[in-house]
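One structure below.
The values are calculated or read from the model by the stated rules, or taken from the named source; none is laboratory data. Everything numeric here is computed off the predicted structure, so don't read it as measured data. Cβ placement follows ideal geometry from the backbone for every residue including glycine, while neighbour counts extend to all protein chains displayed.
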Amino acid sequence: MTDALLNVYNRAPITVERGEGVWLYDRDGTAWLDCVSGIATNALGHAHPKLVAALTEQAEKLWHVSNIFRVPGQEALAGRLTDGCFADVAFFGNSGSEAVECALKMARRYHWSKGDEKRIDVIGFAGSFHGRTYAAINAAGNPGYVEGFGPRLPGYVQLTVDDGDAIAEAIARPTTAAVIIEPVQGEGGARALSGEWLKRVRDLCTANGVLLIYDEVQSGMGRTGRLFAHQWFEGVEPDIMAVAKALGGGFPIGACLATSEAASGMKFGVHGSTFGGNPLAMAVGLAAFEEIARTTTLAHARSVSEDFYTRLSNLSARHPDVIADVRGKGLLIGLKLKVNNREFMGVARDQRLLVAGGGDNCVRLLPPLIISHDEVEEAVNRLDAACASARAQLELAA
Ligand SMILES: *Cc1c(COP(=O)(O)O)cnc(C)c1O
């Protein structure tokens with residue numbers, strides 16, 4: 001640890017040096033089974049040969065030119081992404097927060113450009129996470145992330161997923177611009193929203209001329225076994241969508257995708273990014289997209305995730321005093337615990353298993369999509385041992 005770093009992270013006391021597939025290795029050569037994947041980012045595991053090749057080849061040619069020039073890689077990746085979903089256009093940034101920021105600006109600007117300047121309100125939901133910019137923390141409304149950062153921004157409305165009446169009432173208001181939803185809440189604790197819930201909100205938005213924004217920064221790019229999580233359901237497509245995390249397979253890339261209609265207010269000069277969509281990022285993004293969007297990769301993710309849920313429900317039946325609930329979708333898996341989740345991450349580390357924290361006292365399992373069935377079995381065996389030592393070491397909630 002160094003005092004020269006801003007002290008905003010609760011870092012695990014390990015220093016990994018290299019990775020291969022789902023395994024991380026520290027300086028002593030100890031192997032860790034990685035069910036964090038850089039927080040749902042290294043979807044193809046560590047040091048995937050195709051990503052390494054794409055990165056190194058491009059690194060020798062051209063890294064960055066700025067958006068003053070055409071970047072062919074952007075045109076190619078935008079084409080792949082829009083072919084793979086509802087969207088017509090893409091804007092590239094460098095992170096999830098920037099993708100969300102673009103989505104929120106686009107939604108307000110859409111109504112403004114139609115002469116409907118009063119439509120500025122964005123409806124967000126408790127338990128969401130949209131990133132760390134001012135707009136993102138206000139859209140998600142997590143008290144721990146907005147506190148102390150000055151007044152709440154105007155134009156953000158907070159609701160709960162369960163309050164159907166309030167949702168209908170808020171969407172019908174003439175000041176509402178957009179609704180922002182994570183189809184599977186990630187950081188909030190791996191809560192998957194149902195197809196019926198999404199359909200109802202989609203229909204309410206359509207009926208009221210309100211834009212629907214999905215934040216698929218975590219749930220997208222194959223994480224749930226479809227390219228995007230909302231594609232599990234019919235008739236729930238958004239108007240705008242934020243994507244990042246696994247989009248670059250570990251290289252920082254974010255994208256805001258939209259229909260041409262929703263994007264129609266975004267004219268020349270009103271938005272931009274210096275680094276967004278640079279040639280290096282686009283080369284890696286294209287290679288990652290090609291691997292992740294493959295039918296076989298997505299089918300594999302679905303198959304290992306079914307294996308995971310079967311084994312995890314057996315595990316929770318064996319440890320009802322430690323595990324309260326198994327939830328999530330695909331390989332965005334949450335274990336709601338009856339012991340402190342942060343402490344449980346420590347006992348999992350004792351088993352050389354890395355898991356991520358989450359809201360609602362969850363730990364999240366976010367393995368690379370390429371995890372094998374044997375590695376799923378190994379992960380659950382290590383969780384089994386972690387549950388046993390949690391019982392011995394940690395205080396169980398009554
Ligand atoms: C991680 C995440 C973000 C923020 O992404 P950054 O790259 O950290 O800015 C936004 N939304 C969701 C759903 C996320 O999981």
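Brief remarks on what is shown
- Residue tally, condition of a type in the set (S, T, N, Q) and under 23 Å from Gly328 (Cα atoms), over region 96-131: 2
- Any chance His230 is in contact with a Pro (Cβ under 6 Å, 6 or more places away or on another chain), in contact (Cβ under 8 Å) with a residue 40 or more places away in the chain and either in the same structural domain as Leu77 (by TED's automatic domain parsing) or under 30 Å from Ile370 (Cβ atoms) (or both): yes
- Only one entry of Gly265, Gly249, Gly209 meets the criterion of being closer than 19 Å to Leu369 by Cβ and either of a type in the set (D, E, K, R) or away from the ligand (no atom under 12 Å from the Cβ) (or both), and that entry is Gly249.
- Spans of helices (runs of 4 or more DSSP H) in region 7-108 with at least 3 residues more than 16 Å from the ligand (Cβ to nearest atom): 49-59, 72-83
Yes/no per residue for (1) in contact (Cβ under 8 Å) with a residue 40 or more places away in the chain; (2) touching a His at 6+ places or on another chain (Cβ under 6 Å); (3) closer than 30 Å to Phe251 by Cβ:
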{"residue": "Asp83", "(1), (2), (3)": "no, no, yes"}
{"residue": "Val100", "(1), (2), (3)": "yes, yes, yes"}
{"residue": "Val122", "(1), (2), (3)": "yes, no, yes"}
{"residue": "Gly148", "(1), (2), (3)": "no, no, no"}
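- Per-region count, region 167-206, residues within 16 Å of the ligand (Cβ to nearest atom) and either under 18 Å from Asp239 (Cβ atoms) or among the basic types (Lys, Arg) (or both): 9
- Residue check for Ser113: under 17 Å from the mean Cα position of the chain (by Cα), assigned by TED's automatic domain parsing to the domain that holds Ala255 and small (Gly, Ala, Ser): no
- Cβ-Cβ distances below 9 Å connect the following pairs, each with a first residue in region 174-191 that is more than 21 Å from Gln231 (Cβ to Cβ), a second residue that is surrounded by 24 or more Cβ atoms within 10 Å (Cβ to Cβ) and polar (S, T, N, Q), and a separation of six or more residues or different chains: Glu187/Gln218.
- Residues in region 120-156 that are within 23 Å of Asp360 (Cβ to Cβ), in contact with a helix residue (DSSP H, G or I) (Cβ under 6 Å, 6 or more places away or on another chain) and crowded, with 19+ Cβ neighbours inside 10 Å: Ile123, Gly124, Ser128, Phe129, His130, Gly131, Ala136, Ile137, Tyr156.
- Exactly one residue out of Leu369, Leu354 is modelled with pLDDT of 95 or more and assigned to a loop (DSSP other than H, G, I, E, B): that is Leu369.
- Taking the conditions (1) within 16 Å of the ligand (Cβ to nearest atom); (2) part of a loop (DSSP other than H, G, I, E, B); (3) in contact with an Asp or Glu (Cβ under 9 Å, 6 or more places away or on another chain) in turn, Cys256 satisfies each one other than (2).
- Residues in region 212-246 that are in contact with a Lys or Arg (Cβ under 8 Å, 6 or more places away or on another chain), over 28 Å from Asp307 (Cα atoms) and away from the ligand (no atom under 16 Å from the Cβ): Gly235, Glu237.
- Residues being among the polar types (S, T, N, Q), farther than 19 Å from Ile240 by Cβ and surrounded by fewer than 16 Cβ atoms within 10 Å (Cβ to Cβ) - total across region 157-189: 1
- Listed by position, the helices (runs of 4 or more DSSP H) enclosed by region 119-222 that each have at least 3 residues that are in contact with a Gly (Cβ under 8 Å, 6 or more places away or on another chain) are 134-140, 195-208.
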